[in-house]
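Here, each number is a calculation from the coordinates, and none is a lab measurement. The model shown is predicted, which means the values in this text are computed figures rather than measured ones. So basically every Cβ, Gly included, is an ideal-geometry build from the backbone, and we count neighbours across all protein chains shown.
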Amino acid sequence: RDEKGSDFIQTLVEVLRADPKADLLELMTEVNRQVCELDVLGPDCDERRKACLEIHSSLRRRLCLQ
Amino acid sequence: VEPWGPEPEPGPSAQYDLSGARAALLLAVTQGRPGAQHDVEALGSLCQALGFETTLRTDPTAQAFQEEMAQFRKQLDAHRGPVSCALVALMAHGGPQGKLLGADGQERQLEVLVQELSHCGALRGCPKIFLFQACRGGHRDAGMGPAALPWFRRWLRAPPATPSQADVLHVCTDVQGRSSRGPTPGSLNQADVLMVYAAAEGCVAY
């Protein structure tokens, strides 16, 4: 986050900008896929770690922002 | 009798009607979170590109988190034309069990903030998107590496480590942590919500 922002927000922005017409729930799955692929070095931590999003949805329809 | 309000249009292609106004609220604690400004700028720019009227507040106290949510709800309810979608991004330090820390170090419960919009009349039946960029505990996930695979799969191809919480689909028939009595007839407070957390419960968000 120190250098370019958090993995989640930066990946989300990148994925939504690339395909804003797609269903948001599918885009979030893609964001999660990309975040899960990253190896991260957190503060006070020398070993590589993993992160995974958690997505809760009670949407009743497809949600396409464009 | 339709106790849950209008049914969505049938068919897999049914979409939310987003022809009305869209509003976004970005609340970000940047103090003690180096680089958080990059997220604020990127998300603010995206929201504007997607047609959201965007309100940004940086370094809110715990109390201000709640006040800003209440103000946002009031603005939406007072909006002249129809509102079709709301997006709220909460970016701060956080802890387990839905704790969010304001710039003053005081805590607020995420659930309380989310519920503020659940009672927004202008958003009834409209999608409400919540993005949470915050830690949810101190656990650092080392992932499940090739050692967790059968020997023949390791021999064939060693895939990269996967987060231990990945690839889980959890379907609930009731809303977790809420009253089992269900919503008031004529409304559906917990429907039409998309919440995305940057980390699994108990884990660090990077």
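Annotations for the structure displayed:
- Approximate spin-label separation B:GLN109-A:GLN66, in nm, with each point projected 7 Å along Cα-to-Cβ: 3.9
- 20 Å cut-off, amide nitrogen to a point 7 angstrom out along B:HIS170 Cα→Cβ, residues in the range B:87-129: B:90, B:94-100, B:109-115, B:129
- Relative to the dominant Cα principal axis of chain A, helix A:24-37 is inclined by about 20°.
- Taken along the Cα-to-beta-carbon direction at a fixed 7 Å, the label points for A:SER57 and A:LEU25 span 0.4 nm.
- Near the amide H of B:ALA24, within less than 5 Å, lie the amide hydrogens of B:GLU53, B:THR54, B:THR55, B:LEU87, all on another chain or at least 5 residues away, with H placed in the peptide plane.
- At 0.890 mPa s and 25 °C, Stokes diffusion of the range B:29-117 via Kirkwood alpha-carbon radius, µm² per second: 176
- Average other protein chain Cβ within 10 Å of Cβ, residues B:193-203: 6
- Distance between the pseudo-spin-label points of B:HIS119 and B:LYS74 (7 Å out from Cα toward the beta carbon): 1.4 nm.
- Between the helical axis of A:7-18 and the longest alpha-carbon principal axis of chain A there is an angle of about 40 degrees.
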